[in-house]
Structures are given as structure tokens and as C-alpha cells.
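Trainee: Handing you a structure now.
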Amino acid sequence: MPAKPSGTIKTSRVNVKQKNGDIYVMERQTLYDPVKKYNKVVSSKLIAKIPKGEKIQVPTRPKRPNGSKLPIKPQKVSASRKRVGMMDIIGHIGFISGIDAAIYASTDIGTAQKIISLARYLLATNGQTLPGIQTWQYTHPLPYVNGISEDVYHALFHDIGLDESLQQNFFHERCALLGDHGAIAYDSTTISTYSGQQPEARYGYNKAKDGLKTVKLLTLYSIESRQPVAFTKQPGNLPDVSSIENALKQLSVLGVDHAEIVTDNGYYSESNLSEMLQKGFGFVTLAKTNIKWIRPEIEARIEELSSIYSVCPFDPTTHGVTVMLMHDFDKVRKYASHKSGAEKGAVERFKRRVYLHIYFNASRQAEDRIEFETDLMELKSMIEDGIPVDELSRSAQEKVKKYMSISTWGKKTTVRFKDKECQEAYKYHGYFTLVSNREKDCFECLRIYRKRETIEACFEAEKQHADGSRIRVWSPDTLRGRMFVQFVSLCYYEYFSDQLRKIKPTLGKQNKDGIRTKETVDLEEKLLRWMENTPVYLQLQWFDTVEEVKVSSELRNKRWNTEITARDALYLEKLGMSTH
């Protein structure tokens, strides 16, 4: 016996092939007619189509109502616009340099994204203050997409400052990336502050000479790769010379063994040279000319330094000679020896060969005098303004003792200079010495030392391009975290600058086989002129006009970018970026 009809409307989808080869996907509603005994079509609706030769359905527009002259209701559209040109370059630099990977390997993904986002902001804005990121991030894509507010980055700085593992892991990754280190420069700069809340901010040698309290930033820098490796900070009144032992320990932990340490005279001491010799490090260090064992050597070679044979081949304004010496060093025993009977703390002497390189530069003679007198005048001003001498750095206290006499009458302090001692100091202006245990040739040693001057450019870059000229935070831990983010931004800047330096010599030169066209060479020469006349920051800003527009609707998604010139495309190509 046949089943009774249910009387309900059934919905189904059928494919109907059209004459043009398209297939319409129809949604049909049917009802069984018991009298005529077949399914009657109640309604039919086109919901999609499959174009000829395709397999994927595409939506169709809604059908206009019969007799209606009203336009079809538009689909809801979502659109966004971002400035991507500059950020694509910075993202590319972070990737190929390994800096981003080192950050991700050192902490959790959320913290890493915040650090990278802040570092990219500092680079992209040429060191604008951080509150500006709150509006800037709306038009520039960053890895951390949840938004960075003032509370977010202050909390981040505090957490980083307390997380020593994060920092040291990043430094270790940096060392692994840089490979063979060769010579390592070690130097410091000072950051001035008006704050009375920073316990590490103290009066000492101030490189900005603004009379403010300072915090000292010490940096290890690979001379060959021109990349910063690691940093630390210390109170502004501590002398540079006291930090070298900790720097050697940090290098050993980071896996940097037997490198050549290059320092200026602030780090010279017999004990520091002894430490470097004991740990197997080479060294090139600038030594003061008034050291007891160095002064007689200078006096004995003044005539030799005036000879034409002592002229430096790459700097005719400098004369140099080398003296090989066997020098005595002290070693303080850190452990007792039962075999020899030596006690812990006992001082033992040992001899090592060192090379004393003595130089004279007539231009430097005038510069030394100006620097000497400027330092004395600054110290005089500080003391007469009421700053106690014992709050000054050790080197400053030594200068005060040697070249000044201080008298007090009531609340007034008067400083007078000791003219005889000052005249004696003038005699040796223009002379400078380098001490090394590896470099035998005085001019090769000078060449290595002068490469160390790139670290000064590094400090200048950090202050100008990473907002490093002021502290801007309250607590020491937060300051440490802020310095770390600035350090990451500096790593970006130095790597990018090095890439640009490598690109310039390759531009505008014809191949040996002459297969390059004149148009290509002309375009490269045009790019070279632009790069030579445009600072790094403005090169980045040039590409900040490249925008990406994304539009999404219920039907499809589309995006497009601003067009760029042939010169700009060549620039991106030389950086290793795709322009398609």
C-alpha cells in the first residue's frame, strides 16, 4: 500500500546547465500533488553559479524586484588603509638579520611582539618619544596587533628589567649570529637626567657636559661587523676602569673567547691588563702618557718621532714608533694553593711581552689642550656650585687634587688652578700611546684602534635614533627594560646602515664582460646619488608613502598598493626584497 503524502514543502538544490556553459545552482521548493501524482515546484531561487570550466561556486547578485526602479541594496564593505612601505623594509631587516628570531627565541611570543613593535617604532620615527605610538600604530602595521598604550609599554619595561634571562639569552643569540668576532670594542656613554628618583643617577664625568647627574651605559661592539653585541648600565660616578673585569666575564659566558678587546684610556689599568692576559684575551688599549713606565719611553723617542721615517702611511699627520717591552704584572690569587702554600689573596708577579706604540699628532696637540682646559673649567664650576669633591668620579677627584687648590670662606668656595702642573701637562699634549700584547706594528695597531671609533657613532645613533638621550622613567628596573628595547632598535639601525654601506659600492659600475645596459647603469647611478645625499632615516621615510588598501565584502576580498618608481624598485631589489 503506497505511503500517504505528508503535505509538507521540501527544499532541495539542483544544478541547471545554461546555453553559455555556466551552471546555475537553484534552490527549489516542491510539494507533492496527490491528484496529478508528481512534485509541483512551489518556488525556484538562483543562489549561485559555476562559471564555464570552473568547479567552484561563486555568489550571484540579488535579483531586482519586478517593476522596481530602485537600485540594489549595496553589499556591506569593510576597508582598511595602512602605510606599509617603510614597515616592510624594517620587517625585512628584522628577518634577514636574525634579530627578530633572537627575540622570539629569548621570551614568550606576546612579550617578543611588544619588544619588536616598540623597537620598530623607534627606528621608523627616528627616535620619537614613545607616547606617540598610541596614534602612530593605527596607520602602521606592527607584530603586536592588540595595541600598545603607555601602561602596556611601562609594564613591559618593568618586566624586562627584572628578567635577566631574557636579556642574556638575546645577547647570546647576538654573539652566535655575528660569528667570528675578531676585535671587540668596549666603551661607555652617559645619559643625563634631571630626575631625583633614579638612585643610579650620580654626578661624575658627563660626556654631554650639561652639569646633570648621569647613568652610565656600557656597550660591547663588534668592530668587524659593526654590530652591538651586549650592554649593561652602572651608576654615573663609577670609573670606567672598574667595569672591565665584569665585561670579560660576560664575554666568556656569551661564548666569546680569545677576542681582541679594544678600549680607550678610561679602561687602562695594570690590573685590567693582567686580567685580560690571564683570561687569554688580546688587547689594544689607549694608555695615558703620564703613566710612570710610559713617560720615560716617550721622552726617549721624541727625536725619533720627528723623523720622516716615522710618518704613518695612511695618515701623514701622525708619526709613530714601537717599543717592545717585558713588563711585570700582578696576579691576585683567587684560591689558596696547598701545593705551593700560597694563600688566597696573595699577590704573585709574572712577566709578559707587550708592545708600546707611541704616536705624535700636531693637530691633536691643540685639541688635547682645549679638552684639558674644558674639563678643568667644568670641574671648577661644579665645585664652586657646591658639589662635594667626594661625589665626583675617581678620575675627576685625581684631576682636582693635581691641578686645583680649593679654599672656602663661609659658604663661598673658590677654586684656583696650579699653573706649574698645568704647564707640565701641556708639554705632552699631542702625544698618545697604545699598548697591545698582539699587535707588533704601530700603524696596524692604530688602524684597529681607529675602527673602534665606530662605537662612538653607535652611541650617537642610539641617542638620536632610539630616544636614548634621556632616561624618561622612574625606577632602575624600568630603565633597564627601556634600555633593552632601545638596544634592539639600535641593532636594527646598525644592521640596516651596514646593508646600505655594502650596496653603494655595487652601484653604477659596468661588469667586466659589459653585458649590463647603459639604462641599468644610469639608473644605478641615480640611486647612488640619492643614497649618498639622503640620511638613513629619510630613506625609510621616503617609503612611508607606500600604502596598502584592503577591501572586503560579502562577495570578495581585494587589496592593492601604491605604485613605486623604477629607482625605488631597484632600491628594494638591492635590499633583497620582492617588488611583486
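The values are calculated or read from the model by the stated rules, or taken from the named source; none is laboratory data. Computed from a predicted model, the values in this text were never measured in an experiment. Cβ atoms come from the backbone with ideal geometry, glycine included; neighbour counts cover every protein chain shown. These accessible areas exclude ligands, DNA and RNA; they are computed on the full protein's heavy atoms, side chains included. Shrake-Rupley method; radii C 1.70, N 1.55, O 1.52, S 1.80 Å.
Trainee: Please go through the stretch 113-145 and give me each residue that is more than 16 Å from the chain's Cα centre (by Cα), in a loop (DSSP other than H, G, I, E, B) and polar (S, T, N, Q), ordered by number.
Mentor: The answer is Thr129, Gln137, Thr139.
Trainee: Identify the residue in the stretch 94-112 that is within 17 Å of Ile148 (Cβ to Cβ) and not in a helix (DSSP H, G or I) and, among all such residues, is most open to solvent (accessible area, probe 1.4 Å).
Mentor: In this case the residue turns out to be Asp108.
Trainee: Can I ask one more? Please determine whether any residue of the stretch 440-456 is basic (Lys, Arg), under 17 Å from Asn290 (Cα atoms), open to solvent by 90 Å² or more (accessible area, probe 1.4 Å) and at pLDDT 85 or above. Reasoning before the result, please.
Mentor: To start, the set of residues in the stretch 440-456 that are basic (Lys, Arg) comprises 440, 447, 450-452.
Right, trim to under 17 Å from Asn290 (Cα atoms) and you get none.
There is no residue in the stretch 440-456 that is basic (Lys, Arg), under 17 Å from Asn290 (Cα atoms), open to solvent by 90 Å² or more (accessible area, probe 1.4 Å) and at pLDDT 85 or above.
Trainee: Separate question: Name the residue that is modelled with the lowest pLDDT, counting only residues in the stretch 198-225 that are closer than 25 Å to Ser165 by Cα and charged (D, E, K, R).
Mentor: Glu200
Trainee: Could you tell me how many of the residues in the stretch 212-246 are out of contact with any strand residue (DSSP E or B) (no Cβ under 8 Å at 6 or more places or on another chain) and of a type in the set (Ser, Thr, Tyr)? Talk me through it step by step, then tell me what you get.
Mentor: Quick first cut of the stretch 212-246, residues out of contact with any strand residue (DSSP E or B) (no Cβ under 8 Å at 6 or more places or on another chain) only: 225-226, 239, 241-242, 245.
Filter once more, so that each one left must be of a type in the set (Ser, Thr, Tyr): 225, 242.
Looking only at that region, the number is 2.
Trainee: Here is a follow-up. Please go through the stretch 290-331 and pick out each residue that is open to solvent by 70 Å² or more (accessible area, probe 1.4 Å) and of a type in the set (A, V, I, L, M).
Mentor: Of everything in the stretch 290-331, those that are open to solvent by 70 Å² or more (accessible area, probe 1.4 Å) and of a type in the set (A, V, I, L, M) turn out to be Ala300, Ile302, Ile308, Met324, Met326.
Trainee: Further question: Quick one: which helices (runs of 4 or more DSSP H) lie wholly within the stretch 239-312 and hold at least 2 residues that are closer than 20 Å to Met324 by Cβ? Please lay out each step first, then the result.
Mentor: Working: elements: 244-253, 270-278, 295-300, 302-305.
Per the criteria, 270-278, 295-300, 302-305.
Trainee: With respect to Gln227, is the statement that it is of a type in the set (S, T, N, Q) and free of Cβ contacts under 8 Å to residues at least 60 places away in the same chain true? I'd like the intermediate steps shown before the answer.
Mentor: Numbers: of a type in the set (S, T, N, Q): yes; free of Cβ contacts under 8 Å to residues at least 60 places away in the same chain: no.
Judged against the criteria, Gln227 is not a match.
Trainee: Of everything in the stretch 464-480 that's under 19 Å from Val229 (Cβ atoms) and over 10 Å from the mean Cα position of the chain (by Cα), which residue is modelled with the highest pLDDT?
Mentor: Going through the stretch 464-480, the residues under 19 Å from Val229 (Cβ atoms) turn out to be 465-466, 468, 480.
In the following step, the residues that additionally are over 10 Å from the mean Cα position of the chain (by Cα) were identified as 468, 480.
Working: Gly468: 66, Arg480: 89.
Here the answer is Arg480.
Trainee: Separate question: Across the stretch 49-58, what is the number of residues that are part of a strand (DSSP E or B) and touching an Asp or Glu at 6+ places or on another chain (Cβ under 9 Å)?
Mentor: Going through the stretch 49-58, the residues part of a strand (DSSP E or B) turn out to be 49-50, 58.
Okay, now just the ones that are also touching an Asp or Glu at 6+ places or on another chain (Cβ under 9 Å), so 49-50.
Here the count works out to 2.
Trainee: For the stretch 168-197, name all the residues that are modelled with pLDDT under 75, open to solvent by 40 Å² or more (accessible area, probe 1.4 Å) and within 21 Å of the chain's Cα centre (by Cα).
Mentor: The one that is modelled with pLDDT under 75, open to solvent by 40 Å² or more (accessible area, probe 1.4 Å) and within 21 Å of the chain's Cα centre (by Cα): Asp180.
Trainee: Further, regarding this structure: How do the pairs read when you match residues in the stretch 8-22 that are part of a strand (DSSP E or B) with residues anywhere that are among the aromatic types (Phe, Trp, Tyr), using Cβ under 7 Å and keeping only pairs 6 or more apart or on different chains?
Mentor: What qualifies is Val16/Tyr24.
Trainee: Could I ask something else about it? For the stretch 155-167, name all the residues that are more than 19 Å from the chain's Cα centre (by Cα) and either among the hydrophobic types (A, V, I, L, M, F, W, C) or buried (at least 17 other Cβ atoms within 10 Å of the Cβ) (or both).
Mentor: Once the filter is applied, which keeps residues that are more than 19 Å from the chain's Cα centre (by Cα) and either among the hydrophobic types (A, V, I, L, M, F, W, C) or buried (at least 17 other Cβ atoms within 10 Å of the Cβ) (or both), the stretch 155-167 yields Ala155, His158, Leu162, Asp163.
Trainee: Further question: Count, please, the residues in the stretch 384-416 that happen to be within 28 Å of Tyr267 (Cα to Cα) and assigned to a loop (DSSP other than H, G, I, E, B).
Mentor: Within the stretch 384-416, the first condition is being within 28 Å of Tyr267 (Cα to Cα), and the residues that meet it are 387-405.
With assigned to a loop (DSSP other than H, G, I, E, B) added as a condition, the list becomes 387-388, 392-393.
So the answer is 4.
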